[in-house]
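Heads up: the structure comes next, in C-alpha cells.
The values are calculated or read from the model by the stated rules, or taken from the named source; none is laboratory data. Quick caveat, the model's predicted, so the values are computed rather than measured. All Cβ positions, glycine included, derive from the backbone under ideal geometry; neighbour counts span all protein chains shown.
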Protein chains: 2
Amino acid sequence: MHTRTRRYHHGDLRAALLTRAEETLREKGPAALSLRELARDLGVSHAAPSRHFKDKQALLDALALTGFERLTAVLEASQDGAGETFAKRLDAMVRTYVGFARDNAELLDLMYSIKHDPAASDVLVEATHRWSDLVVRLIGDGQARGEVREGPVERVGLPVFAALHGYADLAATGMLPSEVDEHGLDEVIAFMLRGCVPRDVL
Amino acid sequence: MHTRTRRYHHGDLRAALLTRAEETLREKGPAALSLRELARDLGVSHAAPSRHFKDKQALLDALALTGFERLTAVLEASQDGAGETFAKRLDAMVRTYVGFARDNAELLDLMYSIKHDPAASDVLVEATHRWSDLVVRLIGDGQARGEVREGPVERVGLPVFAALHGYADLAATGMLPSEVDEHGLDEVIAFMLRGCVPRDVL
DNA sequence: ACCTGAACACCGTTCAAGT
DNA sequence: ACCTGAACACCGTTCAAGT
C-alpha cells in the first residue's frame with residue numbers, strides 16, 4: 001500500500017488497528033475479523049497488536065466504545081434543532097437512531113453483544129448509560145409538557161425503547177421487504193405516539 | 001460417559017451432534033462451538049461430522065431450523081386456549097415469544113443471524129414465514145373483530161413485531177434491570193394495545 | 001454407508017530477543 | 001517503548017484409506 005521504507009510502524013498503530021478493524025467489520029462481517037489479518041493489512045508482525053490490545057476482546061471493546069461515542073453524539077445533536085414538542089423530538093431521535101443502525105449495522109451488533117457481556121468495562125457501561133439517559137430525558141420532558149402519560153420514566157420509556165431497538169435491528173439486518181421499510185418507520189413513530197398518549201386521552 | 005465398546009458411533013450421529021451443539025451453545029455461548037470439540041465430546045474423530053454436515057455453517061443452519069420449528073409450535077399452541085379477543089390473543093403470543101427468548105437466548109440469536117443471511121436455505125426461509133404468518137393472522141383477526149385499526153396488515157403489524165422483537169431481545173440478553181423486567185412486559189403489552197387502537201377511538 | 005488419520009492452511013496468545 | 005520471529009495449542013476442511 002504505502003511504499004516508504006518503514007522501520008516499525010508509521011505512527012499510531014493502535015488507531016490504525018481500530019480503523020482497519022471497523023472497515024473489515026463493515027465489509028466482511030465479524031467472522032472475518034482476525035488480528036493476524038489486521039496486522040498483515042497494516043504491514044506489521046502478527047504479534048504487534050498485542051502491545052496495544054491485550055487480546056482480541058480488548059480490541060472489540062475499544063471498537064464498541066468508539067461506536068457508543070459516535071452514537072450518543074449524533075443522538076444528542078438530533079435533539080438540538082428538533083423543536084419543542086415531544087412528537088418532534090421523538091421523531092428526530094428515532095430517525096437518527098435507525099439511520100445510525102442502517103449505516104453501522106455490524107458495529108451496532110458488536111456494541112450490543114458486548115454490552116450484555118458481564119465483563120464489560122466501566123467506560124463502556126458508562127457510555128451506554130449516557131444513551132439511556134437521553135431516552136429518559138426525552139420521556140421526562142414529554143411528561144412535564146403533559147404530552148406523555150404519567151408514570152415512572154423507565155416504565156413509560158421501556159416500550160418505546162423496545163420498539164426502537166427492535167425496528168432498528170430489523171431494518172439494519174435487512175429483514176424488512178423494501179416496500180415495507182419505505183413507510184415502516186412513519187408507522188412505528190405514529191404507533192409510539194399512540195402508546196405514549198396521556199391517560200385522559202386513552 | 002457411556003462405557004460400551006463402540007465400533008463407530010452408537011447410532012444417530014447427526015442427531016447427537018445437534019443435541020450436543022445446542023447444549024454447548026446454551027452453556028458456553030456461540031464462540032465456544034467447535035466441530036472438533038463436538039466430535040471429541042461424542043467420541044468420534046474430528047472428521048466424522050462432515051459426513052452429516054458439509055461444513056460448520058450447515059450444522060448451524062440445521063440447529064436454527066429446529067429452533068424455528070419449536071418456536072412456531074409453541075406460538076401456535078399459545079393461540080389455542082387464548083380466548084377470543086385480540087387483547088387476550090396478543091397477550092398469549094407475546095408472553096410465549098418472550099418466554100421462548102428467555103429460555104433460548106443464544107439459540108434465538110443464532111436463528112436471527114442466520115435468517116438475515118442471504119444464503120439462507122429454502123426450508124429455513126419457509127420456517128420463518130410460518131411464524132410471520134402467525135402475526136399477520138393475529139392482526140387480521142383483530143381487524144375483522146373491529147378491535148384493531150384498519151390498514152394493510154404488514155403496516156399495522158410491523159410496529160407490534162418490532163416492539164416484541166426488541167423487548168424479547170432486551171429481556172433475553174439480560175439488558176433489563178430485574179425490577180424493570182418484573183412488570184416491563186405488562187407495560188409493553190398495554191403499549192401495543194394502545195398502538196393498535198381503532199381510528200375512531202384515537 | 002460411515003468413520004479414521006494425516007495433512008494443510010489458518011487462528012489467538014505468549015515470550016525471548018532485537019532496535 | 002515498540003516491534004519481530006518462533007513456538008504452542010487450537011481451529012475448519014479435505015481426502016485417501018480403512019471397516
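Quick notes on this one:
- Scope segment A:185-202; condition assigned to a helix (DSSP H, G or I), hydrophobic (A, V, I, L, M, F, W, C) and at the interface with chain B (Cβ under 7 Å from one of its Cβ atoms); matching residues: A:Val188, A:Phe191
- Condition met for B:Leu65 (more than 9 Å from DNA strand C (Cβ to nearest atom), of a type in the set (A, V, I, L, M), touching a Phe, Trp or Tyr at 6+ places or on another chain (Cβ under 9 Å) and more than 14 Å from every other protein chain (Cβ to nearest Cβ)): no
- Residues in segment B:153-167 that are under 18 Å from B:Leu202 (Cα atoms) and free of Cβ contacts under 8 Å to residues at least 60 places away in the same chain: B:Arg155, B:Val156, B:Gly157, B:Pro159.
- Scan segment A:170-184 for residues that are at the interface with another protein chain (Cβ under 7 Å from one of its Cβ atoms) and either surrounded by 21 or more Cβ atoms within 10 Å (Cβ to Cβ) or within 15 Å of B:Ile189 (Cβ to Cβ) (or both) and the total you get is 2.
- Test result for B:Val148, β-branched (Val, Ile, Thr) and not in a helix (DSSP H, G or I): yes
- Test: residue in segment A:171-179 that is within 22 Å of A:Thr72 (Cα to Cα) and touching a Pro at 6+ places or on another chain (Cβ under 7 Å): no
- B:Ala64 being touching a residue at least 12 places away in the same chain (Cβ under 8 Å) and either within 16 Å of DNA strand D (Cβ to nearest atom) or in a helix (DSSP H, G or I) (or both): yes
- Residue within segment A:185-198 that is more than 24 Å from B:Gly184 (Cβ to Cβ), in the same structural domain as A:Leu90 (by TED's automatic domain parsing) and at pLDDT 95 or above present: yes
- Residue count, segment B:39-61 (criterion: touching a residue at least 12 places away in the same chain (Cβ under 8 Å) and closer than 18 Å to A:Ala31 by Cβ): 5
- B:Asp103 among the charged types (D, E, K, R), out of contact with any His (no Cβ under 8 Å at 6 or more places or on another chain), closer than 18 Å to B:Leu33 by Cβ and not assigned by TED's automatic domain parsing to the domain that holds B:Arg14: no
- Qualifying residue in segment A:129-148 (condition: under 23 Å from A:Glu23 (Cα atoms), crowded, with 16+ Cβ neighbours inside 10 Å and outside the structural domain of A:Thr19 (by TED's automatic domain parsing)): no
- Hey, B:Ala162 buried (at least 16 other Cβ atoms within 10 Å of the Cβ) and over 12 Å from the mean Cα position of the chain (by Cα) or not: yes
- Those residues of segment A:43-61 which are buried (at least 19 other Cβ atoms within 10 Å of the Cβ), within 16 Å of DNA strand D (Cβ to nearest atom) and in a helix (DSSP H, G or I), in sequence order: A:Pro49, A:Leu59
- For segment B:124-145, a residue qualifies if it is among the charged types (D, E, K, R) and in a helix (DSSP H, G or I), and the qualifying residues are B:Glu126, B:Arg130, B:Asp133, B:Arg137, B:Asp141.
- Candidates are the residues of segment A:109-123 that are outside any helix (DSSP H, G or I) and over 15 Å from A:Glu69 (Cα atoms); the one that is modelled with the lowest pLDDT is A:Pro118.
- Among the residues of segment B:151-163, those identified as more than 7 Å from every other protein chain (Cβ to nearest Cβ) and either in a helix (DSSP H, G or I) or within 24 Å of A:Val125 (Cα to Cα) (or both) are B:Val153, B:Val156, B:Gly157, B:Val160, B:Phe161.
- Selection status of A:Gly184, over 27 Å from A:Leu65 (Cβ atoms) and touching a residue at least 12 places away in the same chain (Cβ under 8 Å): yes
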